[in-house]
């Protein structure tokens, strides 16, 4: 197999991983800027919505590759598994954000 073709999915995955890490770092830094529990809850709620939207996009990419979208030289099954894994991780992170938001909502009521 052509080495250049094999490196495309690896480069794509590396770029995607970097994007996810940067987004996570941005979210992690955001709550520290305020100590208002209501504001923190709202921030975590927004984060959960964003994470679920990203998971949905990865599900759609997996579905497209499952159908063989794009080049026949691409390892579609590998991309499908990658996208499914990312979507699962994003949904787990969204659940954690929901839990943090709930905790801050409770703290705001006290």
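Some points to look at:
- Available extension along the chain between residue 63 and residue 107 is 11.8 nm, counting 0.36 nm per residue and deducting the alpha carbon span.
- By the count of other C-beta atoms within 10 Å, a proxy for reagent exposure, 54, 85 are ordered fewest to most as 85, 54.
- Relative protection proxy for 56-64, 38-46, from highest mean packing down: 38-46, 56-64 (other beta-carbon atoms within 10 angstrom).
- Between residue 36 and residue 95, the FRET efficiency from the beta-carbon distance, with R0 = 30 Å, is close to 0.80.
Only the coordinates and a few stated rules stand behind these numbers; no lab work does. Worth saying up front: this structure is predicted, and the values here are computed from it rather than measured. Ideal geometry is used to build each Cβ from the backbone, glycine not excepted, and the neighbour counts take in all protein chains shown.
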